[in-house]
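What follows draws every value from the coordinates through simple rules; no lab data is involved. Bear in mind that the values here come from a model prediction, so they are computed numbers and not experimental data. FYI the Cβ positions are ideal-geometry reconstructions off the backbone, even for glycines, and counts take in every protein chain you see.
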């Protein structure tokens, strides 16, 4: 989203991200070594991803990451499912949130979604 999504990123720009995930609707808990609820798993993964992007290097911070444009803003989860995202933008999103999506671009993921 923002300058990253519209390919106008400069050295001083932050990167606005919305992180979406898709999961098997039947699965509520991950099947890993330490079982987590799916939303909890993606929250932890997102926190690690953002920490890696915003790490301090000898040249300064790599990127300033901004997640405020996600559904529900700071009150919402930092990663949301595709289904939640679709429902939110169909039923609850403000006009300015739809306008912000016009500058969004998929970075990685399923090509059918992007």
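Relative contact order (percent) for the chain, with alpha-carbon contacts under 8 angstrom and 6 or more residues of separation? Show your work: numbers first, answer last.
Details: 124 pairs, mean separation 38.6, N = 114.
That works out to 34 percent.
Calculate, in whole percent, how much of the Cα-Cα pair population of segment 44-98 lies beyond 12 Å.
Working: 1042 of 1485 pairs.
I get 70 percent for the Cα pairs in segment 44-98 exceeding 12 Å.
Summing -39500 (n - 2.57) over the DSSP H runs of n ≥ 4 in the chain and dividing by its residue number, what mean residue ellipticity at 222 nm do you reach, to the nearest 500 deg cm²/dmol?
Working: 4 runs with 37 residues, N = 114.
Mean residue ellipticity at 222 nm (helix-derived): -9500 deg cm²/dmol.
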Stretch residue 90-residue 52 to full length: gain in nm at 0.36 nm per residue minus the Cα-Cα span? 10.5 nm
Can you give the FRET efficiency for residue 33 and residue 101, using 1/(1 + (r/R0)^6), R0 = 41 Å, r = Cβ-Cβ distance, to the nearest 0.05? 0.65
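Output needed for the chain: three equivalent-ellipsoid semi-axes, defined as square roots of 5 times the C-alpha gyration tensor eigenvalues, in descending order, whole Å.
Details: eigenvalues 118, 84, 30 Å².
With the √(5λ) rule applied to the chain, the semi-axes are 24, 20, 12 Å.
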Counting only DSSP beta bridges fully inside segment 1-109, the antiparallel percentage to nearest 5 is 40 percent
